[in-house]
1. Quick check on the stretch 85-93. Is at least one of its residues touching a residue at least 12 places away in the same chain (Cβ under 8 Å) and either out of contact with any Gly (no Cβ under 8 Å at 6 or more places or on another chain) or not charged (D, E, K, R) (or both)?
2. Is there any pair linking a residue in the stretch 18-40 that is among the β-branched types (Val, Ile, Thr) to one that is in a helix (DSSP H, G or I), with Cβ under 7 Å and at least six apart or on different chains, and which?
3. Given the structure, is ILE95 β-branched (Val, Ile, Thr), part of a helix (DSSP H, G or I), open to solvent by 90 Å² or more (accessible area, probe 1.4 Å) and under 30 Å from THR111 (Cα atoms)?
4. Name the pairs: first residue in the stretch 44-58 and without any contact (Cβ under 8 Å) to a residue 24 or more places away in the chain, second residue among the hydroxyl-bearing types (Ser, Thr, Tyr) and open to solvent by 30 Å² or more (accessible area, probe 1.4 Å), Cβ to Cβ under 7 Å, at least 6 apart or on different chains?
5. Before we move on, is LEU90 loosely packed, with under 14 Cβ neighbours inside 10 Å, within 24 Å of the chain's Cα centre (by Cα) and at pLDDT 95 or above?
6. Failed condition for ALA15, given (1) open to solvent by 40 Å² or more (accessible area, probe 1.4 Å); (2) among the small types (Gly, Ala, Ser); (3) within 16 Å of PHE76 (Cα to Cα); (4) in contact (Cβ under 8 Å) with a residue 24 or more places away in the chain, with all others met?
7. Scan the stretch 77-87 for residues that are more than 18 Å from the chain's Cα centre (by Cα) and open to solvent by less than 80 Å² (accessible area, probe 1.4 Å) and jot them down.
8. If you take just the helices (runs of 4 or more DSSP H) that sit entirely in the stretch 1-83, which of them hold at least 2 residues that are of a type in the set (S, T, N, Q)?
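The values are calculated or read from the model by the stated rules, or taken from the named source; none is laboratory data. Keep in mind the model is a prediction, meaning the values are calculated, not measured. Here Cβ is always computed from backbone atoms with ideal geometry, including for glycine, and neighbour counts include all displayed protein chains. Protein only, heavy atoms only, side chains kept; ligands, DNA and RNA dropped before computing areas. Shrake-Rupley method; radii C 1.70, N 1.55, O 1.52, S 1.80 Å.
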Amino acid sequence: MPGAKRLQPVRREPAAIAIAHQLTEAIMDGTLAPGTQLGEAELAAELGVSRGPLREAMQRLVQQGIAYSEPHRGVFVTTLTEDDVRDIYLARTAIESAACRLILRRDPQRTADRLA
């Protein structure tokens, strides 16, 4: 069908990536609050996954700074300070402003038409 919206193939991703995404969403929406310990056994049971991919997912969160690991204690959700939040917004503003300038530079009229 010309011009019709097409379906996209379903993305297959490793379990650890899907788990990391779900944990990230839970952290971002407050389901997993700052300072919360991410208990392997509880999370594996709740998510219906084995502990191997869960460990890998939690390591991804640690690498991204979303969580931190304390030896012999476990993995915890990172708590952001006011300075952290300020820095994040400052960086995000700079990136989004640069992206807007690039988009507008390419074809300002088309961009305006699409936004309208």
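1. Checked the stretch 85-93: no residue is touching a residue at least 12 places away in the same chain (Cβ under 8 Å) and either out of contact with any Gly (no Cβ under 8 Å at 6 or more places or on another chain) or not charged (D, E, K, R) (or both).
2. ILE19/LEU47; ILE19/PRO53; ILE19/LEU54; ILE19/ALA57; THR24/LEU61
3. It is true that ILE95 is β-branched (Val, Ile, Thr), part of a helix (DSSP H, G or I), open to solvent by 90 Å² or more (accessible area, probe 1.4 Å) and under 30 Å from THR111 (Cα atoms).
4. ALA44/SER50
5. The answer is yes for LEU90.
6. (3)
7. Residue satisfying the conditions is THR81 alone.
8. Result: 15-28, 51-64.
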